[in-house]
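Report on the structure given below.
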Amino acid sequence: MTLTGQEVAKHNSRESCWVIVHGKAYDVTEFLPGGPKIILKYAGKDATEEFEPIHPPDTLDKYLDKSKHLGDVDMGTVEKEEKAESSEEKERQGRGTKCYEEDGMGILFQRCR
């Protein structure tokens, strides 16, 4: 069964929280490891961009019960939203990763730590 973006969008609360990651819908109502605030921000929406940089690819398969894997989503029906990055989000993304360029015998490297 393929879900629509409109169906997923109905589940945007603490009582029923679904998210889309890589074109698949997941019921994360009872799975809020990072706390409810961040997940609820993306409830009923495509959370792929926010999920990818901070989670290993197998996170949902490993930690979320298979019964909570709801199925594929027709991504053509998912509403795209313009993202204005908040100062809080910029700060969160900047923590822990500092990059700088280093010239190594004519080769330019980018190092992050």
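Observations
- Cross-link table LYS24/LYS68; LYS10/LYS37; LYS62/LYS90, entries beyond 20 Å C-alpha to C-alpha: LYS62/LYS90
- Distance between the modelled labels on LYS62 and THR4, one decimal in nanometres: 3.6 nm (7 Å Cα→Cβ projection).
- Extension gain, MET75 to THR48, is 8.5 nm, computed as 0.36 nm per intervening residue step minus the present C-alpha separation.
- 12 Å cut-off, amide nitrogen to a point 7 angstrom out along GLU88 Cα→Cβ, residues in segment 14-49: 36-42
- The residues neighbouring HIS69, those whose beta-carbon lies less than 11 Å from its own, together hold a net charge of -1 under the Lys/Arg +1, Asp/Glu -1 convention.
A short reminder: the numbers here are calculations on the coordinates, not readings from a lab. Quick caveat, the model's predicted, so the values are computed rather than measured. All Cβ positions, glycine included, derive from the backbone under ideal geometry; neighbour counts span all protein chains shown.
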